[in-house]
Amino acid sequence: MRGFAELNPAVLMIYYLCVIGTAMFSMNPVIITLSLFGSLVSLIVLEKKAHIKLHLSFLLLFLILAVINPIWYHNGVTVLFVVNDSPITLEALLYGIFAAAMIIGILYRLRTFTLIMTADKLLYIFGRLSPKMSLILSMALRYVPLMRTQTLKVRRTQKALGIYRGDNIADTLKGEMRIFSIMATWSLENGIITADSMAARGYGEHRRTSFSLFHFSKGDLIFLILCIIPTALIIWALAAGEADFTFYPAMSGINSSPLALTCYISYGFLSFLPVLLEWKEELRWKYLMSKI
Amino acid sequence: MKKKVLSVLSIIVTAALALSCAAVASSSVSDIAASAVEEIIGYELGLSGASSIQEWIDGELSDNAGKGSEWFVITLARSGKYDLTEYLRSLEGYIAENNIPSATSRQKDALTMIAAGHESPYINETAENSVGKQGIMSMIYGLHLLNNGAECENYTASKLVNELIGMQYDDGGWALMGEHGDIDVTAMTVQALAPNINENKAVSEALERAVVFMSEKQLEDGDYQSFGTKNPESAAQVLIAVSALGIDISDARFVKNGHTLIDGIMKYQLPDGSFTHTEGGNSNKTATVQAFMALTAYRLNAEKGDRFYDLTKSFDPERNTERDNNENITSEQQITTAPETTASSPAVTTKSSGNDYIKTEYGKTSDYKIIAYIIIGAAAAAVCIILFLLKKRRISNFIAVIILAAGAVCFIFFTDFRSKEEYYSGDFPEKTDIVGTVTLTIRCDTIAGKDKNEYVPANGIILDTKEFAIEKGDTVYDILTEAGRKYGIQLESKSGGYVAGINYLYEFDYGDLSGWIYHVNSDAPFVMCSEYELSDGDKIEWLYTCELGNDLM
């Protein structure tokens, strides 16, 4: 079997649908925690970089999302304290924390998705389904890195023009606003130019052929089975209500019936599957190296 | 015509029957009523801390003169045994100091004066300026006033009687609104009309139809239900009404399944002597005072052949001989005005004075606020120093820091953090400028028993009728918030006035059209609850609907 990134794109796509789809439809704290840590470890293992800035920004987002819920929603029997006439409850706070954890978990998972599913893989999958859709998808995926590099260019140019002053917060903010406005104008214009250019080249008219080396191996089949079986178990448990968890007005306990436990274990396995696969490959590599 | 003759005949026959068997049948029932009255008095004395009835009158009842003790005083006055001087002085003082906006409240006060044997120009004045000013209730009370000798230019007793008869519905009942008779309003109307029964045929026929209506509405246990809730007050009103007509308790029309009206009332008595509004509920002032009145009314009729509302009789024994010509006064209130005395209603009694409240509240909240201001100031100063040391010395940097600090100070200033215990302690700002009282009920009958939600009470009553004092400008939302604090009911409101949830029951919990709506005096206003300003005597109900309010009408 090969590493996670080398699997067949269709199999990877199914894996992501399974792991994100099940995480989005459950508010069970166990599943959410497994989803968050599974995706976080997956990202670290797959990317092999620290990304301190990304984690910090996600942490900030997490805190904001977690705090918003108890401020706006006052359901729950355990009142912590009262602000003006609004009780802040433990249940609303925990709901906010787990909802934020679910969102952050999915964001991390999507981060690994963009890392693994490169444009050629997406074209491989969607090019057969709809040429227009694959064109839009690849353009959309390209958009974010393109914006980033362009922003960097504009900022450097502005700096070179001497518009920034290092000792002035207000000026810095004004400069950032200017860059934002420049970028908005540029991206609109760029979008039109790109669309015209692509149309001139005949994109989107007919299905385009593309060369790819992807094939469906035995390893892909095993991986597919490993991801379909836990998903089926999870869906069974969710449909039976075994993995239900209610926050309001009082929190229900975490279900620990056999089916619920099966569901948690299945989700944990599914969530950490890329990590397990990478570790397995690493062990095998080391084993083979040791034999030389 | 034949029908009319028959109905008149039947009422005469039953009245005769009732009189003939009254002495026999009622002796044991009379004992029950007498002991229940004793128990109620015992309960009330215990509540007020008085050792005798006279002490109770001079103490608590006088303190609440004009503010809810009228019905107790009227009932006690009927015995003629007590000295009401202290109470009357207090009532006069209250009337002189307050401009009472509610017509029915003024009438109630005037009736109390008559019952206490007090002659005051206020009685005629009230009759003059209140009759018909507040719907059917002010006509009923007004008729009681006129029945008891009050005079007024616009109305005579017979004119009022005719108007009231004209308001009778086809089913024989009366109501505040709508197309169908309401048991309480019907009974109260009968109480006022009863003294005029011999005036003309139309009156006796109307009363006969009303008796049939009241008889048909009686339930298996001898009690009644009002707005879908079984309660003792309706039965109490009917008992006063039938006593006023001289119908005996054992009359077949008011015995259902072997249960009389008194059985229907006694069913709600608690071991401590007080009464509940609903079966299995807590003791309720309205229910207790109305049971007290009804049992007294029954005894007056059974033992002396008196009508409860012949108020003047308490003091003028000679008039007893000409009672057929005399009129009685009575009234009930449960629909429009709740006769709760202040003592048991925490909404009205607040012990601390306004100044105390402000002092303690300020002391508590300012503690943490001052610390917060100091921290913000220190942080801002620290940031400024760091900026200075880092040589980022542009003035705009420091302005930005100051703006941020000012924002934080504003946030602390406009928020008020309190602990759960403090918020729900019932320690509420004392209302200084009270202009009246309103009642509040929170019910979810529409979903009671629908599922196993533990926050839906079996009887659908989340908050039984409670009385609240209002200041000028108080809205329905203010009172709901106050109730939430006092009785620890969870509330969810969005952007100051849109109520999304009460007691953990939220809108959309029971379908797309479900949610909370409010009624004031059984009517759904068309404004947000934070914009509806209350007036004295308003009856607020918060109700859970599953069909945008259509299931509540």
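The values are calculated or read from the model by the stated rules, or taken from the named source; none is laboratory data. Values in this document were obtained by computation on a predicted structure and should not be read as measured data. Cβ atoms come from the backbone with ideal geometry, glycine included; neighbour counts cover every protein chain shown.
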Exercise for the section: Could you tell me whether A:Leu46 is without any contact (Cβ under 8 Å) to a residue 12 or more places away in the chain, farther than 13 Å from A:Leu270 by Cα, hydrophobic (A, V, I, L, M, F, W, C) and in a helix (DSSP H, G or I)? Expected result: no
Handout entry: Cross-chain or 6+ apart pairs with Cβ under 8 Å, segment B:396-423 first and more than 9 Å from chain A (Cβ to nearest Cβ), then not aliphatic (A, V, I, L, M)
Key = B:Phe398/B:Cys384; B:Ala405/B:Gly377; B:Val409/B:Tyr373; B:Ile412/B:Lys369; B:Ile412/B:Tyr373; B:Phe413/B:Lys369
Practice task
Output the residues belonging to segment B:382-395 that are surrounded by 11 or more Cβ atoms within 10 Å (Cβ to Cβ), within 13 Å of chain A (Cβ to nearest Cβ) and either among the β-branched types (Val, Ile, Thr) or outside any loop (DSSP other than H, G, I, E, B) (or both).
Solution key: B:Val383, B:Cys384, B:Ile386, B:Leu387, B:Phe388
Exercise for the section: Check A:Thr209 against each of (1) closer than 26 Å to A:Gly127 by Cβ; (2) surrounded by 14 or more Cβ atoms within 10 Å (Cβ to Cβ); (3) among the hydroxyl-bearing types (Ser, Thr, Tyr) and name the one condition it does not meet. Expected result: (2)
Handout entry: Residue match in segment B:80-101 (condition: crowded, with 19+ Cβ neighbours inside 10 Å, in contact with a Ser or Thr (Cβ under 8 Å, 6 or more places away or on another chain), touching a residue at least 40 places away in the same chain (Cβ under 8 Å) and assigned to a helix (DSSP H, G or I))
Key = no
Practice task
Take A:Arg148 and decide whether it is surrounded by 12 or more Cβ atoms within 10 Å (Cβ to Cβ), away from chain B (no Cβ under 14 Å) and modelled with pLDDT of 90 or more.
Solution key: no
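One line per residue, one yes/no per condition, for (1) within 13 Å of another protein chain (Cβ to nearest Cβ); (2) buried (at least 20 other Cβ atoms within 10 Å of the Cβ); (3) in contact with a Ser or Thr (Cβ under 7 Å, 6 or more places away or on another chain); (4) assigned to a helix (DSSP H, G or I):
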| residue | (1), (2), (3), (4) |
| --- | --- |
| A:Ala50 | no, no, no, no |
| A:Ser57 | no, no, no, yes |
| A:Ile64 | no, no, no, yes |
| A:Gly76 | yes, yes, yes, no |
| A:Leu80 | yes, no, yes, no |
| A:Pro87 | yes, yes, no, no |
| A:Glu91 | yes, yes, yes, yes |
| A:Leu94 | no, no, no, yes |
| A:Ala100 | no, yes, no, yes |
Exercise for the section: Examine segment B:162-178 for a residue that is assigned by TED's automatic domain parsing to the domain that holds B:Glu97, among the aromatic types (Phe, Trp, Tyr) and in contact (Cβ under 8 Å) with a residue 40 or more places away in the chain, and state whether such a residue exists. Expected result: no
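Can you find a residue that is within 14 Å of chain A (Cβ to nearest Cβ) and modelled with pLDDT under 90 anywhere in segment B:456-470? Steps first, answer last, please.
Taking segment B:456-470 first, the residues within 14 Å of chain A (Cβ to nearest Cβ) are B:456, B:462.
Adding the requirement that they be modelled with pLDDT under 90 leaves B:456.
The answer is yes; a qualifying residue exists.
Listed here are the residues, each with its yes/no results for (1) within 14 Å of the chain's Cα centre (by Cα); (2) at positive phi.
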{"site": "A:Ile20", "(1), (2)": "yes, no"}
{"site": "A:Met27", "(1), (2)": "no, no"}
{"site": "A:Ile32", "(1), (2)": "yes, no"}
{"site": "A:Gly38", "(1), (2)": "yes, no"}
{"site": "A:Leu54", "(1), (2)": "yes, no"}
{"site": "A:Leu80", "(1), (2)": "no, no"}
{"site": "A:Asn84", "(1), (2)": "no, yes"}
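Do we have any residue at all in segment B:365-381 that's more than 12 Å from chain A (Cβ to nearest Cβ) and at pLDDT below 85? Break it down stepwise before answering.
Going residue by residue through segment B:365-381, those that are more than 12 Å from chain A (Cβ to nearest Cβ) are B:366-367, B:369-381.
Of the ones still in play, those that are also at pLDDT below 85 are B:366-367.
Yes, segment B:365-381 contains at least one residue that is more than 12 Å from chain A (Cβ to nearest Cβ) and at pLDDT below 85.
Have a look at B:Trp56, B:Trp71 and point out the one that is aromatic (Phe, Trp, Tyr), modelled with pLDDT of 80 or more and under 21 Å from B:Asp310 (Cβ atoms).
Working: B:Trp56 fails: under 21 Å from B:Asp310 (Cβ atoms).
Checking each option against the conditions leaves just B:Trp71.
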Problem - Selection within segment A:224-272 - part of a helix (DSSP H, G or I), among the small types (Gly, Ala, Ser) and either buried (at least 17 other Cβ atoms within 10 Å of the Cβ) or in contact with a helix residue (DSSP H, G or I) (Cβ under 7 Å, 6 or more places away or on another chain) (or both) - result: A:Ala237, A:Ala260, A:Ser266, A:Gly268, A:Ser271
Practice task
Examine segment B:181-196 for a residue that is at negative phi, at pLDDT below 85 and assigned to a loop (DSSP other than H, G, I, E, B), and state whether such a residue exists.
Solution key: yes
Practice task
Search segment B:229-244 for residues that are within 10 Å of B:Ala287 (Cα to Cα) and pair each with any residue that is part of a helix (DSSP H, G or I) and among the polar types (S, T, N, Q) when their beta-carbon atoms are under 8 Å apart and the residues are at least 6 apart or on different chains.
Solution key: B:Pro232/B:Gln290; B:Glu233/B:Thr286; B:Glu233/B:Gln290; B:Ala236/B:Gln290
Practice task
Examine segment B:36-53 for a residue that is farther than 24 Å from B:Glu119 by Cβ, crowded, with 16+ Cβ neighbours inside 10 Å, among the hydroxyl-bearing types (Ser, Thr, Tyr) and within 20 Å of the chain's Cα centre (by Cα), and state whether such a residue exists.
Solution key: yes
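Go through A:Phe214, A:Phe245 for me and flag whichever is touching a Pro at 6+ places or on another chain (Cβ under 7 Å), within 30 Å of A:Val77 (Cα to Cα) and either hydroxyl-bearing (Ser, Thr, Tyr) or in contact (Cβ under 8 Å) with a residue 40 or more places away in the chain (or both).
Numbers: A:Phe214 fails: within 30 Å of A:Val77 (Cα to Cα).
Among A:Phe214, A:Phe245, only A:Phe245 is touching a Pro at 6+ places or on another chain (Cβ under 7 Å), within 30 Å of A:Val77 (Cα to Cα) and either hydroxyl-bearing (Ser, Thr, Tyr) or in contact (Cβ under 8 Å) with a residue 40 or more places away in the chain (or both).
Look through segment A:207-256, keep the residues that are charged (D, E, K, R) and over 25 Å from the mean Cα position of the chain (by Cα), and return whichever of them is nearest to A:Ala119 (Cα to Cα).
If we take residues in segment A:207-256 being charged (D, E, K, R) and over 25 Å from the mean Cα position of the chain (by Cα), then A:Arg208 is nearest to A:Ala119 (Cα to Cα).
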